Each structure stands twice: as structure tokens, then as C-alpha cells.
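Notes follow once the structure below has been shown.
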Amino acid sequence: MRPASGPPSAIARTAKAIADPGARFIGSSVLFLEGAARDHFFGFLQAEYPDLVERYGRLYAGKCAGTGCRREVSRAAGLLRAKHGLPAGAAPARSREVLPVMAR
């Protein structure tokens, strides 16, 4: 069965792709599933990834993933930030620097 958030190698590649061009922060979060969003999400899982429905059902017995899952996601993001030399904690304040917009 696939991990809930993707294989660690894919997450590590994503973090590298974010950090290499100069990202200043990598954040992490878990889903908050309530009402129609929950219904839609689980309907999507049932249609596209039925093998994940039971696992996500346990993980999201409430509106949010359990404390253990949230801690693990936070820990993993912290390791990736450290590996790529990015600061821990909250995202840095937005810069007032105006960046050029690329023509499409």
C-alpha cells in the first residue's frame, strides 16, 4: 500500500526542486476534512484509490489527522528544511521586492 503522503523519495525530490531555485521556506500540513469536503475527498478516494479508503478512514476518524500523524508530518518537513538549509518555524515575512512577470 502506498504511504498516505507519497513515497519519501518523491517528497525528497519535491523538496529539492523547491529549494534549488531559492525557496525560503518549506511548510507542511495535513488535511482538514469536514462536511462536503470530506464527502468529496472520500468519494474521490473510493473512485480512484479504493485501496486507500480504509487507511484514510482510520487516519481521519475525526476532522483532522491524529496527533501522531501531524507530528510525523512536521518532523519530516523539519528534516527536509534542515537538509536544504531552510529556516525552521514560520514562513518568513513576504518581501516587498517587486519581481518581474514573465510573458506567456
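Quick note: the coordinates plus some simple rules give every number you see, no bench work behind them. Note that the structure is predicted; figures quoted are calculated from it, not measured. Here Cβ is always computed from backbone atoms with ideal geometry, including for glycine, and neighbour counts include all displayed protein chains.
Based on the Cβ-Cβ distance from R71 to A47, what FRET efficiency comes out when R0 is 25 Å, to the nearest 0.05?
In this case the efficiency is close to 0.25.
Using the number of other C-beta atoms within 10 angstrom as an exposure proxy, rank Y49, Y56 with the fewest first.
Values: Y49 13, Y56 17.
The most exposed by this proxy come first: Y49, Y56.
List the residues, sorted by chain then number, that are 5 or more residues from C64 or on another chain and whose placed amide H is less than 5 Å from its amide H.
So C64 has HN proximity to L33.
Quick one: Karplus J couplings for the range 27-42, per residue in order, coefficients 6.51, -1.76, 1.60, θ = phi - 60°, nearest Hz, x for Gly and Pro?
For the range 27-42, the Karplus-derived couplings read x, 8, 6, 10, 5, 10, 10, 9, x, 5, 5, 5, 4, 5, 4, 5 Hz, x marking Gly and Pro.
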